[in-house]
Amino acid sequence: MYFRLGWRNIWRNPRRTLVIMTAVIIGVWSMIFLGSLMRGIADQMVRNGIATLTGHIQVHHNGYRNDPVIENSMTDPEAVETALKRSLPPDSRWSSRVRVNAIASNARHSSGVTLVGIDPQRETKISFIGGAVIQGRYMNPDSRNGIVVGKALVDKFKTKLGRKLVLMSRDTDGEIASRAFRIVGIFNAETEATEKRFVFVTLPAAQQMLKLEKGISEVSVTLSSQQEVHQVAHDLRAGLPSDKYEIHTWQELLPLVTAVLKMYDGFIYLWFLVVFIAMGFGIVNTILMAVFERIREFGLLNALGMKPGWIIREVLTESFFLLILGMLIGNSLGFLSFFALSGNGIDLSSLAAGMEYFGMSRVIYPIIQGKDVVMANLVVFILGLVVSLYPAVKAARFTPVEALAHT
Amino acid sequence: MNIVECTNVKKIYQQDKLEVRALNDVSLSIKKGDFIAIAGPSGSGKTTLLNIIGGLDVADSGRVLVDGNVLSTMSQTELATLRLRKVGFVFQAYNLILVLSALENVEFVMLLQGVPSSERRERAKAILDDVGLSDMYDRRPAELSGGQQQRVAVARAIVSNPSIVLADEPTANLDSKTGASLLEMMEHMNEKKHVTFIFSTHDKMVMNYAHRLVSLRDGQVVDDQVHER
């Protein structure tokens, strides 16, 4: 009967019920949908970070991270390969690289870049570059003079495919090494900064230019699951001498992204709270109005023997229905919005220049996490009932004589 | 055996700076099974006395005993329980729950008492049949006439077998024919179920039906007559 009474009471004033339900619907929808956008942004940041030559784990010579000079290269890559073969799960991939700071120049322009010497076949499976070439071609493994550069750098240098680009860096002898490459491919990346920063040549070409012989700067590893990262990193640390090698996970390699991810968690829950506070005032106000309109009725219920606690339960039952209905519709709309945008995402190209400093993508794909949906609904449901207690207690405190005399 | 005992009951209302003595030293005993009318002009204290006997209001001084319970010592929750178990109310304005049907209104008090669903339904139907509303179980109050609503209110008041039914001007909004029919029905219930009925009224017809007539004036009992049945 409580449910029957509560259900019928909320439809006594359909307009008021729809107003409060709309507030709950918008609140829940915004919590779920905007939460999914924030999760999408965070996920893209991680994916971009990992795909932009970071990987899940990297192996370096001890000290390279603090001072990425050519002297801190790994001169014995076979030892690292042996450890990788022993420690990595079967479906994981890895690639060796030479990575040094360099100056790129042509007849008119010059710019600081990161020269990356790669194994083209291995690299294509672990980072973005394999699928990012939009003009020309990806490098052949035996290419000696070919270079792949970003579109933004090409635009900046006002150059094009087939033109020369000279790279300068310091070799292992401490001398300035310089070599001319021919642009064979132009790549597109999620961020303009990546396009301007990285230039790719083959690993042997970079080793030859820098007199590294078999030396490499880093080994990047990608795993099939992020859950494996810490265990694999632990195994690698155990398998390689710590005085010669250092192993870092992506969380350590991308401290800004890691910090932003943590911040996003806080933001999402803060957002939930802000939305709820706005919604909570609406709920209290509307239920209070409903209670004051029915003072006489609450007096009657009390006169008939309904104890104050039961009257509180009755008012909370009405709130329960309003919240559940609002949550059902809000969740449905939230998921509909999510599905509508999950295919093509939201294109924020116009804001990309500012966003890319934070490693954000030009297109945001929303991601729904179960914990966010549960949290949004719990916040609305539990706090909704809690704020409804105020009007409910008011209703229970009307004395029958005063309430029955109320007109 | 007295089911209600009021001893030196006083009740004063404060209206702005004016003190209104609604009940002034009222003493009254009502026997179980009485069919009693409390009469008097407007402002004589009839409704206040009924409210105090029903535990809806509290006396400022004096002692009110209802079925062995001293009301002044009871909390709001205990008073609600007393009303639920021992007192039935019939109001002048019917006061049915608008969103419930006639049957559900009658069931409502039994629901609060924890009567099982099937028994509740059975008893509610039986009492609605008794008050002549056997074909109106599913009608909402808005779909019933005044007389029909008051019959539902009476059914609601007596269905849980209370010790006392307090009826505050039950015929005030009814025409004389409907009022007489309602009074006959209540008298029948009084005789059949031995429920004590206490009316507040200034309706002559109710006074004539009553087996005992207590007259109030300015908050005091000025007359107390037992009518021949």
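Points worth noting:
- Rounded Å value of the spacing that divides the Cα centres of the range A:48-104 and the range B:133-175: 88 Å
- Restricting the range A:190-265 to chymotrypsin sites (Phe, Trp or Tyr not before Pro) that sit in a DSSP loop and have at most 14 other Cβ atoms within 10 Å of their own Cβ leaves nothing.
- Number of partner chain Cβ atoms within 10 Å, mean per residue of A:295-304: 5
- Measuring between their Cα centroids, the range B:26-92 and the range A:141-191 lie 99 Å from each other.
- Under the Debye formula (equal points on every Cα, no solvent term), log10 I(q)/I(0) of the protein assembly as shown at q = 0.05, 0.07, 0.10, 0.11 Å⁻¹: -0.48, -0.63, -0.90, -1.03
- Applying both filters, DSSP loop and at most 14 other Cβ atoms within 10 Å, to the GluC sites (Glu not before Pro) of the range A:124-196 gives A:Glu175.
- Each Cα pair under 8 Å and six or more residues apart adds its sequence gap; the mean of these over the residue count of chain B is a relative contact order of 30 percent.
- Bridgeable lysines around B:Lys31 (alpha carbons under 25 Å apart, same-chain partners fewer than 8 residues away excluded): B:Lys10, B:Lys11, B:Lys46, B:Lys86, B:Lys192, B:Lys193, B:Lys204.
- In this Cβ point-charge picture (+1 for Lys and Arg, -1 for Asp and Glu), the range A:56-253 has a dipole of about 1040 debye about its Cα centre.
- Cleavage-rule hits (trypsin sites (Lys or Arg not before Pro)) in the range A:54-112: DSSP loop, at most 15 neighbouring Cβ within 10 angstrom: A:Arg65, A:Arg108
- Restricting attention to the protein assembly as shown, close to 70% of DSSP beta bridges with both partner residues there are antiparallel.
- For the range B:156-229, the spread of Cα coordinates along the three principal axes comes to 34, 28, 23 Å, biggest extent given first.
- Most mobile of A:Gly309, A:Gly185, A:Gly162 in a GNM of chain A (Cα contacts under 10 Å): A:Gly309
- Contact order normalised by residue count of the range A:56-253, Cα under 8 Å, 6+ apart, percent: 36 percent
- Top of A:Asn72, A:Asn48, A:Asn140 by mean-square fluctuation, Gaussian network on chain A, Cα under 10 Å: A:Asn140
- Charge-dipole axis of chain A as Lys and Arg at +1 and Asp and Glu at -1 on Cβ define it, positive-most pick from A:Trp7, A:Ser127, A:Pro255: A:Trp7
- Counting lysine pairs in the range A:56-253 that sit 8 or more residues apart in sequence, or on different chains, and whose Cα atoms lie under 18 Å apart gives 10.
- The range B:32-168, relative contact order [Cα under 8 Å, separation at least 6], %: 31 percent
- When chain A is treated as a Gaussian network with alpha carbon springs shorter than 10 Å, the biggest mean-square fluctuation among A:Phe187, A:Phe381, A:Phe281 belongs to A:Phe281.
- Screening chain A for DSSP H helices whose Cα atoms reach 24 Å or more along their own axis and whose mean Kyte hydropathy is at least 1.0 gives A:255-293, A:308-342.
Each value in this text was obtained by applying a stated rule to the coordinates, not by laboratory testing. The structure displayed is predicted, hence computed values, not measured ones. No Cβ is skipped: glycine too gets one built from the backbone with ideal geometry, and neighbour counts run over all protein chains shown.
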